[in-house]
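S.K.: So that we are looking at the same thing, I have put the structure below in structure tokens.
The values are calculated or read from the model by the stated rules, or taken from the named source; none is laboratory data. This one's a predicted model, so the numbers in the text were calculated from it and none came from an experiment. Note that we place each Cβ from the backbone using ideal geometry, even for glycine, and neighbour counts take in every protein chain shown. Accessible surface is based on the protein model in full, side chains and every heavy atom, while ligands, DNA and RNA are left aside. Shrake-Rupley method; radii C 1.70, N 1.55, O 1.52, S 1.80 Å.
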Amino acid sequence: MLFAPVSKKVTKLRKVYKSTDGVTQAQLEDFMTIARKLKGIRKTNNESTTNTTEEQNQHSTSQMSYDQRTNNYDLLISLFQNTPNYAPNETEFQVATLQAEKAQMLQATQSVADTYIPLNNARSVRNNTMYLSQDNLVDTFNKAKDYLFTILDSSSVQYKAISKIKFKKG
């Protein structure tokens, strides 16, 4: 739940940034560009378009991966650091707090990256054992099932229970 509150925090940060003395309209627009990236929204045109082909030709600009959100959070921190009068009293909006949050985000994404390779390797071994090897689980089960059908009566409870079990290759 590290990334979940980012959008709400960005909304609060906008108000804090907007109330900072000396912030220009260009700086505020830079903030809004980064904020849209963090929230995954597109800047909307004030003009209403009636051309549906123009709307269909738009491509997704969402930058909502955890890595991209962390990078954009870093851009936001840099913007605050380059704004001379940005010095909020509230600890949650101070640059040091934001940097600590970014460090937690980086640590979390690194942990995911570190566990992905071993997990993917374990899945490959499992898939090989179950589906691909010479004596894979699916083929072994199906052979055993065929053998059991030869020795069980087709009206027996065991036969009916075994016949309901289905194994197939992925």
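S.K.: To the nearest 20 Debye, how big is the dipole of the chain about its Cα centre, given +1 on the beta carbon of each Lys and Arg and -1 on that of each Asp and Glu?
M.R.: 620 debye
S.K.: Multiply the residue separation of Ala4 and Lys169 by 0.36 nm, subtract the distance between their alpha-carbon atoms, and state the gained length in nm to one decimal. Write out the running numbers ahead of the final one.
M.R.: On the way: separation 165, 0.36 × 165 = 59.40 nm, distance 3.81 nm.
Net length gain for the segment: 55.6 nm.
S.K.: Summing Lys, Arg as +1 and Asp, Glu as -1, what charge do residues with Cβ under 12 Å from the Cβ of Lys8 carry, Lys8 excluded?
M.R.: Residues near Lys8 contribute +4 overall.
S.K.: Using Cα positions and a limit of under 21 Å, work out the lysines in reach of Lys145, with same-chain residues fewer than 8 apart set aside.
M.R.: Here the lysines satisfying the reach criterion relative to Lys145 are Lys160, Lys164, Lys166, Lys168, Lys169.
S.K.: With springs connecting C-alpha atoms under 10 Å apart, model the chain as a Gaussian network and identify which of Thr33, Thr91, Thr140 has the largest mean-square fluctuation.
M.R.: With Cα springs under 10 Å in the chain, the top fluctuation among Thr33, Thr91, Thr140 is at Thr140.
S.K.: Within the range 103-170, report the trypsin sites (Lys or Arg not before Pro) that DSSP leaves as loop and that have at most 15 other Cβ atoms within 10 Å.
M.R.: Listed in order of number, the matching sites are Lys164, Lys166, Lys168, Lys169.
S.K.: Springs between alpha-carbon atoms under 10 Å, Gaussian network over the chain: tell me which of Ser124, Ser155, Ser65 tops the mean-square fluctuations.
M.R.: Ser155
S.K.: Working with all protein chains in place, sort Leu79, Leu132, Leu2 by solvent-accessible area computed with a 1.4 Å probe, largest first. Walk me through the numbers on the way to the answer.
M.R.: On the way: Leu79 25, Leu132 130, Leu2 60 Å².
Putting Leu79, Leu132, Leu2 in descending order of accessible area: Leu132, Leu2, Leu79.
S.K.: Helix 66-81 against the longest principal axis of the chain: what's the angle in degrees, Cα atoms only, rounded to the nearest 10?
M.R.: 10 degrees
S.K.: Another question, then. If you stretched the chain out fully between Asp114 and Leu28, how much longer would it get, using 0.36 nm times the residue separation minus the C-alpha to C-alpha distance?
M.R.: 27.2 nm
S.K.: While we're on this one: Just by accessible area at a 1.4 angstrom probe, what is the order of Tyr66, Tyr159 from largest to smallest? Please list the in-between numbers first.
M.R.: On the way: Tyr66 135, Tyr159 55 Å².
Greatest to least solvent exposure: Tyr66, Tyr159.
S.K.: Of Ala144, Ser155, Asn121, which is farthest on the positive side of the dipole of the range 104-170, counting Cα position, with +1 on Lys and Arg Cβ, -1 on Asp and Glu Cβ, and the Cα centre as origin?
M.R.: Result: Ser155.
S.K.: Add -39500 (n - 2.57) for each DSSP H run of 4 or more in the chain, then divide by its residues: what number comes out at 222 nm, to the nearest 500 deg cm²/dmol?
M.R.: Taken over the chain, the calculation gives -20000 deg cm²/dmol.
S.K.: How much accessible surface area, in Å² rounded to 10, belongs to the heavy atoms of Thr44 with a 1.4 Å probe?
M.R.: It works out to around 110 Å².
S.K.: Here is a further query. Could you size up the charge dipole of the range 100-153 around its Cα centre, putting +1 on the beta carbon of Lys and Arg and -1 on that of Asp and Glu, and report it in debye to the nearest 20?
M.R.: That gives a dipole near 140 debye.
S.K.: Let me ask something additional. Once the dipole of the chain is set up with Lys and Arg at +1 and Asp and Glu at -1 on Cβ about the Cα centre, which of Gln25, Asn85, Gln68 lies farthest towards its positive end?
M.R.: Comparing the listed Cα positions along the dipole, Gln68 ranks first.
S.K.: Now for a separate question. How charged is the neighbourhood of Asp74? Take every other residue with its Cβ under 13 Å from the Cβ of Asp74, and add Lys/Arg as +1 and Asp/Glu as -1. Before the final figure, lay out each step's value.
M.R.: Details: positive: Lys37, Arg69, Lys102; negative: Asp67, Glu101.
Combined, the nearby Lys, Arg, Asp and Glu give +1.
S.K.: Can I ask one more? Under a point spin-label approximation (7 Å from Cα along Cα-to-Cβ), what is the Ile162-Thr97 distance to one decimal in nm?
M.R.: Output for this residue pair reads 6.7 nm.
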